[in-house]
Amino acid sequence: MASLKELRNRIASVKATQKITKAMQMVAAAKLRRAQSAAEAARPYAERMETVLGNIATAVAGGPDAPLLLTGTGKDNVHLLLVLTAERGLCGAFNSSIVRLARERAYALMNQGKTVKIFCVGRKGYDPLRRLFEKQIVEFVELRANKGVTFADAQAIAEKISAMFSAGEFDVATQFYSRFQSVISQVPTAQQIVPATFPQAAAAADGAAATYDYEPDETEILADLLPRNLAVQIFKALLENGASEQGSRMSAMDNATRNAGEMIKKQTLTYNRTRQAMITKELIEIISGAEAL
Amino acid sequence: MASFPFELVSPERLVYSGAVTEVVVPGAEGEFGILAGHAPFVSTLKPGVLTIKGDGPTRKLFVRGGFAEANPQGLTILAETAVPLAELPADKLALMIREAAEDVEDARDPVIRQKRAAYLDDLKAAAAAIEADGRAH
């Protein structure tokens with residue numbers, strides 16, 4: 001049986017932890033609101049980009065000089081996995097579910113005899129993946145210094161990927177991130193970014209694609225837009241990730257606060273029982289001592 | 001004059017959305033004006049000044065990187081950077097020009113060098129246009 005003092009200390013420490021988790025939850029809630037509105041504000045750009053690119057792509061696709069970023073290299077031997085995770089932990093299964101998805105994909109590809117290269121963004125993905133795929137990690141970008149993700153961050157990543165692609169270092173690139181559905185549900189998602197894919201509906205619905213005038217011509221516009229689109233897709237994923245991270249942290253910390261509350265309750269009960277038992281014991285000792293006289 | 005819906009979107013947010021009568025766009029192959037009912041048209045942008053004319057006062061913004069899509073239903077511009085001239089810090093453009101000049105120096109590949117040089121020229125032209133605009137006010 002733990003002594004009263006030990007119990008008191010334990011309760012105090014759980015209370016301190018609860019205060020921290022409570023504060024983290026509230027901070028996450030505030031950050032979530034900001035991350036969510038950032039993700040929403042970025043949506044129109046990505047949507048427009050997709051429609052216009054879809055239009056041009058259908059006009060150019062199949063042509064002899066369609067850019068490789070659109071059509072791919074025609075092979076799929078080397079896969080690049082772009083794993084986007086957070087810089088901080090304590091956010092539930094957020095990081096580990098993205099890593100798990102990427103890891104499973106990597107093993108599946110390796111079983112098919114493909115070469116896998118990994119590009120990590122965020123330490124919390126880099127650390128566990130480094131243990132498994134030390135040699136396959138080709139790049140690691142840390143976003144810790146930045147307050148929020150900016151388009152420039154996404155652009156820097158996209159430029160690295162474009163450079164690797166034009167150097168022929170991979171054939172297919174897929175990004176892994178967590179799509180924000182709601183505070184309690186974030187879906188780890190894999191999205192192919194090179195060669196570029198467009199929702200079929202966007203391309204099919206706009207039958208007017210062919211009637212557009214292009215200045216300069218389609219191929220040149222496409223050559224300009226495709227790298228931009230890459231950056232936009234990565235930016236979108238980073239923002240979704242940001243919102244997911246905060247949402248995930250919020251619910252994880254909410255849980256932790258509740259658990260701490262329960263623990264405090266239980267331990268207070270034990271503490272009171274022990275205290276009562278001590279008093280009773282002392283009383284019995286006094287009484288029996290008096291009777292013995 | 002007939003007005004038409006116009007949207008200016010940057011990756012971070014929707015910068016401008018509303019009815020306008022005329023927009024002058026710095027296109028990659030020269031400036032062009034868009035009026036209501038323009039034929040379907042897509043052009044990339046060069047760094048420069050975008051002018052929006054509508055009911056209110058004429059607005060001018062510095063835009064860089066992106067493209068414009070016009071059709072009879074309206075005009076959409078996607079720009080990586082879109083800042084009202086008034087809010088553009090004076091040294092920001094100078095910094096961008098300096099960086100672009102360094103990029104030109106660094107480029108070994110003649111094709112890339114030429115591209116970067118063209119970009120630098122566009123930037124300088126934009127800076128000159130902005131300065132001229134400032135004097136006019």
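General remarks:
- Residue in region A:6-46 that is surrounded by the most Cβ atoms within 10 Å (Cβ to Cβ), counting only those that are in contact with an Asp or Glu (Cβ under 7 Å, 6 or more places away or on another chain) and within 14 Å of another protein chain (Cβ to nearest Cβ): A:A42
- Flag for A:L90 being closer than 26 Å to A:Q186 by Cβ, within 18 Å of the chain's Cα centre (by Cα) and crowded, with 19+ Cβ neighbours inside 10 Å: no
- Taking every residue in region A:155-173 that is more than 16 Å from A:V121 (Cβ to Cβ) and pairing it with any residue that is surrounded by fewer than 14 Cβ atoms within 10 Å (Cβ to Cβ) and not basic (K, R), at least 6 positions away or on another chain, the pairs with Cβ-Cβ distances below 6 Å are A:D171/A:N77.
- Count - residues of region A:235-293 that are open to solvent by 90 Å² or more (accessible area, probe 1.4 Å) and touching a strand residue (DSSP E or B) at 6+ places or on another chain (Cβ under 8 Å): 0
- Failed condition for A:G168, given (1) surrounded by fewer than 14 Cβ atoms within 10 Å (Cβ to Cβ); (2) assigned to a helix (DSSP H, G or I); (3) among the small types (G, A, S): (2)
- Candidate set from region A:90-127 (those that are part of a helix (DSSP H, G or I) and without any contact (Cβ under 8 Å) to a residue 12 or more places away in the chain); member that is farthest from A:A28 (Cα to Cα): A:N111
- Test: residue in region A:50-71 that is within 14 Å of another protein chain (Cβ to nearest Cβ) and exposed (fewer than 15 other Cβ atoms within 10 Å of the Cβ): no
- Only one entry of B:E31, B:E7 meets the criterion of being more than 9 Å from every other protein chain (Cβ to nearest Cβ) and at pLDDT 85 or above, and that entry is B:E31.
- Tally, over region A:104-130, of residues that are open to solvent by 60 Å² or more (accessible area, probe 1.4 Å) and under 27 Å from A:F235 (Cα atoms): 7
- Counting the residues of region B:1-49 that are touching a helix residue (DSSP H, G or I) at 6+ places or on another chain (Cβ under 6 Å) and either small (G, A, S) or touching a residue at least 40 places away in the same chain (Cβ under 8 Å) (or both) gives 6.
- Residue in region A:66-76 that is touching a helix residue (DSSP H, G or I) at 6+ places or on another chain (Cβ under 8 Å) and modelled with pLDDT of 90 or more present: no
- Boolean, B:A70 is outside any strand (DSSP E or B) and either more than 14 Å from chain A (Cβ to nearest Cβ) or open to solvent by less than 30 Å² (accessible area, probe 1.4 Å) (or both): no
- Listed by position, the strands (runs of 3 or more DSSP E) enclosed by region B:1-52 that each have at least 3 residues that are open to solvent by 60 Å² or more (accessible area, probe 1.4 Å) and out of contact with any Leu (no Cβ under 7 Å at 6 or more places or on another chain) are B:14-20.
The values are calculated or read from the model by the stated rules, or taken from the named source; none is laboratory data. Worth saying up front: this structure is predicted, and the values here are computed from it rather than measured. Please note: Cβ atoms are built from the backbone with ideal geometry, for glycine as well, and neighbour counts cover all protein chains shown. Accessible surface areas use protein heavy atoms only, side chains included; no ligands, DNA or RNA. Shrake-Rupley method; radii C 1.70, N 1.55, O 1.52, S 1.80 Å.
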